[in-house]
Amino acid sequence: MLGVAVGWQVYSLTGSALYLGFVGLAQFLPMFFLTLAVGHVADRYDRRTIARFCQIVEGLAAGTLALGSFSGWLSKDSILAIVFISGAARAFEGPTMQALLPRLVPSPVLSRAAALSASAMQTASIVGPALGGLLYACGATAVYVTASILFMAASLLIALIQLERAPLKREPVSLQSLFAGIAFIRSRRAILGAISLDLFAVLLGGATALLPIYARDILATGPWGLGLLRSAPAAGALAMSVFLAHHPLRRRVGQIMFCAVAIFGAVTIVFAISTSFALSLGTLVILGAADVISVVIRHTLVQITTPDEMRGRVSAVNSMFIGTSNQLGEFESGVTAAWFGVVPAVLIGGIGTILVVIIWMRLFPELLRTDSLDR
């Protein structure tokens with residue numbers, strides 16, 4: 001919901017693709033600078049408490065956006081500042097929630113749990129943008145107020161999570177422990193390949209930041225259309241994640257991941273040149289389905305090979321890569337669109353994604369040969 005409201009409001013205020021990119025940059029910077037601290041906090045303190053606090057901060061940020069919109073003092077720069085604060089909370093929230101999941105379910109069913117977790121996220125990603133687009137008809141304030149209430153409700157629900165295992169051990173803080181997550185990922189070539197493949201694929205192929213331009217200027221629709229476009233990848237991801245929860249990947253997971261990312265790039269090319277709203281929706285649905293396959297494989301690979309006492313730090317590095325591909329990818333899309341135009345920028349990104357797949361198959365044969373997600 002926030003993505004739709006912030007994107008539409010910023011584009012309405014500025015008419016600039018570059019400023020849409022700045023929204024992604026404002027979310028990425030805190031994640032980049034806080035990565036090492038985030039991992040240590042997640043490994044040393046109660047992960048439920050951290051997640052609750054992050055939800056509260058995000059709720060307050062949404063409330064501030066609502067107040068600013070209602071009072072009329074909200075500007076493009078103040079939006080970026082509030083998004084930066086919300087991004088700092090998300091920097092702590094993402095790795096913490098990732099590290100929490102393996103402590104809630106047995107290892108043999110972790111891949112199914114990851115798929116179900118993705119299902120829940122994608123359900124929210126479908127309902128949220130669609131609802132945000134509809135509520136925007138009543139003004140940005142209505143969207144922000146609703147989002148703020150939901151963030152606060154989420155913080156209460158997190159308090160209901162029960163952990164029966166022993167508390168996390170707190171090792172002394174040292175330079176070695178700070179960089180332990182990076183060192184661990186570098187020592188696991190398959191994991192490094194999976195994370196970096198996702199990084200460059202979404203960094204190049206992501207067109208989310210430019211959806212307000214596609215909705216208004218190319219596909220000639222309004223906020224409701226933007227909401228549907230934002231929801232379409234999540235719809236495809238939800239369908240695929242439900243399928244994977246009931247039919248987990250058993251064999252040739254490395255090959256499947258490379259195929260999924262290649263499909264991601266191919267449908268990005270089709271979306272770039274489409275002028276049909278229905279075709280654009282269809283390509284985004286397929287894009288989301290392909291993306292969630294790589295997400296489930298990467299997430300499961302990381303979690304099943306990482307000791308619990310290091311999951312916070314490893315998840316923080318993983319989230320930084322994800323944030324780089326998503327938020328920094330939005331900035332990259334805004335910059336290239338400002339330079340070359342919107343359609344060429346997305347087209348170049350799709351072609352670049354396919355080239356990355358070809359290169360990564362040669363650079364990381366360990367990932368290509370990965371056969372199973374079992375421990």
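Return yes when S111 is in a helix (DSSP H, G or I) and surrounded by fewer than 22 Cβ atoms within 10 Å (Cβ to Cβ) and no when it is not. It is false that S111 is in a helix (DSSP H, G or I) and surrounded by fewer than 22 Cβ atoms within 10 Å (Cβ to Cβ). Any residue in segment 64-76 that is hydroxyl-bearing (S, T, Y), closer than 27 Å to L244 by Cβ and assigned to a helix (DSSP H, G or I)? Checked segment 64-76: no residue is hydroxyl-bearing (S, T, Y), closer than 27 Å to L244 by Cβ and assigned to a helix (DSSP H, G or I). Residues in segment 344-374 that are of a type in the set (S, T, Y) and under 30 Å from I273 (Cα atoms): T353 alone.
Hey, can you tell me all the residues within segment 11-25 that are in contact with a Ser or Thr (Cβ under 9 Å, 6 or more places away or on another chain) and crowded, with 21+ Cβ neighbours inside 10 Å? If the condition is that a residue be in contact with a Ser or Thr (Cβ under 9 Å, 6 or more places away or on another chain) and crowded, with 21+ Cβ neighbours inside 10 Å, then A17, L20, G21, F22, G24 are the ones that fit. Anything in segment 212-225 that is under 13 Å from S12 (Cα atoms) and of a type outside the set (G, A, S)? List them, or say none. Across segment 212-225, the qualifying residues are P212, I213, R216, D217, P223.
With respect to A91, determine if the residue is buried (at least 24 other Cβ atoms within 10 Å of the Cβ), within 15 Å of I161 (Cβ to Cβ) and either touching a residue at least 12 places away in the same chain (Cβ under 8 Å) or among the aliphatic types (A, V, I, L, M) (or both).
Details: buried (at least 24 other Cβ atoms within 10 Å of the Cβ): yes; within 15 Å of I161 (Cβ to Cβ): no; either touching a residue at least 12 places away in the same chain (Cβ under 8 Å) or among the aliphatic types (A, V, I, L, M) (or both): yes.
So A91 does not fit the description; no.
From I359, I348, which residue is within 16 Å of A262 (Cβ to Cβ) and either in a helix (DSSP H, G or I) or of a type in the set (F, W, Y) (or both)?
Details: I348 fails: within 16 Å of A262 (Cβ to Cβ).
Every option except I359 fails the conditions.
Report those helices (runs of 4 or more DSSP H) wholly inside segment 162-268 carrying at least 3 residues which are at pLDDT 80 or above and surrounded by 21 or more Cβ atoms within 10 Å (Cβ to Cβ).
Details: elements: 175-178, 180-187, 189-205, 223-246.
The helices (runs of 4 or more DSSP H) meeting that bar are 189-205, 223-246.
The residues of segment 81-102 that are over 19 Å from V317 (Cβ atoms) and not small (G, A, S), listed by number, are I82, V83, F84, I85. Scanning segment 8-51 for residues that are farther than 29 Å from L226 by Cα, β-branched (V, I, T) and in contact (Cβ under 8 Å) with a residue 40 or more places away in the chain turns up T35, V38, V41, I50.
Among residues that are in contact (Cβ under 8 Å) with a residue 24 or more places away in the chain, buried (at least 22 other Cβ atoms within 10 Å of the Cβ) and in contact with a His (Cβ under 8 Å, 6 or more places away or on another chain), A140 is not included.
I'd like to check something: does segment 33-49 contain any residue that is in a helix (DSSP H, G or I), among the aromatic types (F, W, Y) and over 28 Å from G132 (Cα atoms)? Looking for residues that are in a helix (DSSP H, G or I), among the aromatic types (F, W, Y) and over 28 Å from G132 (Cα atoms), one finds at least one in segment 33-49, hence yes. A single entry from L219, L203, L229 fulfils the requirement of being within 20 Å of L355 (Cβ to Cβ), in contact (Cβ under 8 Å) with a residue 40 or more places away in the chain and of a type outside the set (G, A, S): L203. Restricting I56, I82 to those that are modelled with pLDDT of 90 or more, out of contact with any strand residue (DSSP E or B) (no Cβ under 9 Å at 6 or more places or on another chain) and surrounded by 19 or more Cβ atoms within 10 Å (Cβ to Cβ) reduces the list to I82.
Kindly establish whether G128 is out of contact with any Asp or Glu (no Cβ under 9 Å at 6 or more places or on another chain), small (G, A, S) and surrounded by fewer than 21 Cβ atoms within 10 Å (Cβ to Cβ). The answer is no for G128.
The values are calculated or read from the model by the stated rules, or taken from the named source; none is laboratory data. Everything numeric here is computed off the predicted structure, so don't read it as measured data. Cβ coordinates were reconstructed from backbone atoms using ideal geometry, including for glycine residues, and neighbour counts include every protein chain displayed.
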